[in-house]
Amino acid sequence: MTAYHFVGIKGSGMSALAQILHDMNIEVQGSDYEKEFFTQLALEKAGIKILPFNEENIQPGMTIIAGNAFPDSHPEILKAKELDLPIIRYHRFLGDFMKNFISVAVTGAHGKTSTTGLLAHVMGGAKPTSFLIGDGTGKGIVNSDYFVFEACEYRRHFLSYYPDYAIMTNIDFDHPDYYANVEDVFEAFQSMALQVNKGIIACGDDEHLPHIQAKVPVIFYGFAEGNDFQAKNVSVTPDGTTFDVHVRNNYYDTFTIPTFGKHNVLNALGVIALCKYENLDTEAVKAQLRTFGGVKRRFSEKEIGSQIIIDDYAHHPTEISATVDSARQKYPEREVVAVFQPHTFSRTQAFLDEFADSLNLADKVYLCEIFGSAREHQGKLSIEDLQDKIPGAELITENTTSILQNHDNSVVLFMGAGDIQKFQAAYEHSLQVK
């Protein structure tokens, strides 16, 4: 049995994969930067060894799994080549690994992580299911029937996969540092669709997905008439959202989820469609949907004093709109305050007007400095360019978060894909000092 060494083990997909292999009694270790990442907690809990980057970590007899963020010139990868060890890129390894199961890829510009988490939770209530979620969570169950995993479109990485099923949540222009436009994104999803072996569950309400061509059945879900699986009679209570599901215009059953917002109904509908297609027990599906606790950094709530503090990964205008919508539905009486850190200059530049429109849905907006990527140059863009488009928006730093205390009885949304958590931590600290 070889030992697997992960180069960049704190990456969200990498840490999840390491946990899966560890659960399956395979020897695993990895290395990364010494900076704290939210993904490392689960690794530490599992007792998986995390080392600082050092070529001495690479020893004879190992198999190297290399994170996509690290080039072939990385010292550990060079050392592995010197020792003539197998080096497998993360997405290639995953592509081979999933052949052992009935595999379900969850992909889309938005909602991948939440839908993967929900699907893993629901299917796991009916049959043994291993899963890999993009929030850094992974679980390996020996002899599982299913493997549910998040498949990312960035740099067309998902084209390494040939899954049995794919759930496609939406197609949208994101990653402007890689894709030219939405047509380029569509072309990538079209290529992915042709690699699916049994069936595709796609959101029929999306502007682009109905045009997808495939060699396998495509089942559409959504609110609109004409979808194979349609949500009707949606009602919201303080405990969640209830809706009827009709399959090809015939009433199927009524389901309840403990979350809010149209996007969460759609995610649940995609999961329900796949489970019905695989003939999983309906009562088990209903019970599991009710008990889903969510995934990391997706509408993660805590109550402090009179405020509800929410941490969310939203970093694209569509996602910000969905997060504000969820807050409005769950807390209709409260002021919604958005604290947003844009992620990458290229994305901020590409969607400047759309960011302004989505943030304007909140009652008050605070902006943090743009979180730049190592791959890009700042250019002329600054956070003030976004501020100018949002009436009343104010800039905020780690040292000035206490201004948020002025918003009694509000919902404060900390949104972003960079290090927005440090602003939330600073604010929570200011509340304790008060």
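Things worth noting here:
- When residues in segment 173-194 are screened for being surrounded by fewer than 18 Cβ atoms within 10 Å (Cβ to Cβ) and of a type outside the set (F, W, Y), 11 of them pass.
- Scanning segment 383-409 for residues that are in a loop (DSSP other than H, G, I, E, B), out of contact with any Phe, Trp or Tyr (no Cβ under 9 Å at 6 or more places or on another chain) and among the polar types (S, T, N, Q) yields a single hit, N409.
- Count of segment 59-73 residues which are open to solvent by less than 60 Å² (accessible area, probe 1.4 Å) and either part of a strand (DSSP E or B) or over 17 Å from Y90 (Cα atoms) (or both): 6
- C152 in contact with a Leu (Cβ under 6 Å, 6 or more places away or on another chain), touching a residue at least 40 places away in the same chain (Cβ under 8 Å) and under 30 Å from L17 (Cβ atoms): no
- Count of segment 113-139 residues which are surrounded by fewer than 21 Cβ atoms within 10 Å (Cβ to Cβ) and either part of a loop (DSSP other than H, G, I, E, B) or under 13 Å from the mean Cα position of the chain (by Cα) (or both): 4
- Scanning segment 253-272 for residues that are part of a strand (DSSP E or B) and of a type outside the set (V, I, T) turns up at least one hit.
Yes/no per residue for (1) within 26 Å of A42 (Cβ to Cβ); (2) in contact (Cβ under 8 Å) with a residue 24 or more places away in the chain:
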| residue | (1), (2) |
| --- | --- |
| R248 | no, no |
| N267 | yes, yes |
| K276 | no, yes |
| S300 | yes, no |
| E319 | yes, yes |
| R334 | no, yes |
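- Segment 151-167, residues that are outside any loop (DSSP other than H, G, I, E, B) and either of a type in the set (S, T, Y) or open to solvent by 30 Å² or more (accessible area, probe 1.4 Å) (or both): Y154, R155, R156, H157, L159, S160, Y165
- With respect to the conditions (1) in a loop (DSSP other than H, G, I, E, B); (2) at pLDDT 95 or above; (3) out of contact with any strand residue (DSSP E or B) (no Cβ under 9 Å at 6 or more places or on another chain), D184 lacks only one, and its number is (1).
- Verdict on N170 being open to solvent by 20 Å² or more (accessible area, probe 1.4 Å), under 27 Å from L289 (Cα atoms), part of a strand (DSSP E or B) and at pLDDT 95 or above: no
- When segment 219-229 is limited to residues that are out of contact with any Leu (no Cβ under 8 Å at 6 or more places or on another chain) and without any contact (Cβ under 8 Å) to a residue 24 or more places away in the chain, the one that is surrounded by the most Cβ atoms within 10 Å (Cβ to Cβ) turns out to be N227.
- Residues within segment 1-30 that are over 21 Å from the mean Cα position of the chain (by Cα), surrounded by fewer than 23 Cβ atoms within 10 Å (Cβ to Cβ) and not hydrophobic (A, V, I, L, M, F, W, C), tallied: 7
- Residue match in segment 373-387 (condition: of a type in the set (V, I, T) and either surrounded by 22 or more Cβ atoms within 10 Å (Cβ to Cβ) or touching a strand residue (DSSP E or B) at 6+ places or on another chain (Cβ under 7 Å) (or both)): yes
- Filter pass, G294 being touching a residue at least 40 places away in the same chain (Cβ under 8 Å), surrounded by fewer than 22 Cβ atoms within 10 Å (Cβ to Cβ) and not in a helix (DSSP H, G or I): yes
Rundown of residues vs (1) surrounded by 16 or more Cβ atoms within 10 Å (Cβ to Cβ); (2) β-branched (V, I, T); (3) part of a strand (DSSP E or B); (4) on the phi < 0 side of the Ramachandran plot, yes/no style:
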position	(1), (2), (3), (4)
Y251	no, no, yes, yes
N279	no, no, no, no
E283	no, no, no, yes
D311	yes, no, yes, yes
T318	yes, yes, no, yes
V324	yes, yes, no, yes
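- Residues that are touching a strand residue (DSSP E or B) at 6+ places or on another chain (Cβ under 7 Å) and open to solvent by 50 Å² or more (accessible area, probe 1.4 Å), drawn from segment 299-309: E301, K302
- Candidates are the residues of segment 326-369 that are among the basic types (K, R) and within 23 Å of T401 (Cα to Cα); the one that is most open to solvent (accessible area, probe 1.4 Å) is R328.
The values are calculated or read from the model by the stated rules, or taken from the named source; none is laboratory data. Nothing here was measured: the structure is a model prediction, and the numbers come from that model. Virtual Cβ from ideal backbone geometry, glycine too; neighbours counted across all protein chains shown. Calculation scope for accessible area: heavy atoms of the full protein, side chains included, ligands and nucleic acids excluded. Shrake-Rupley method; radii C 1.70, N 1.55, O 1.52, S 1.80 Å.
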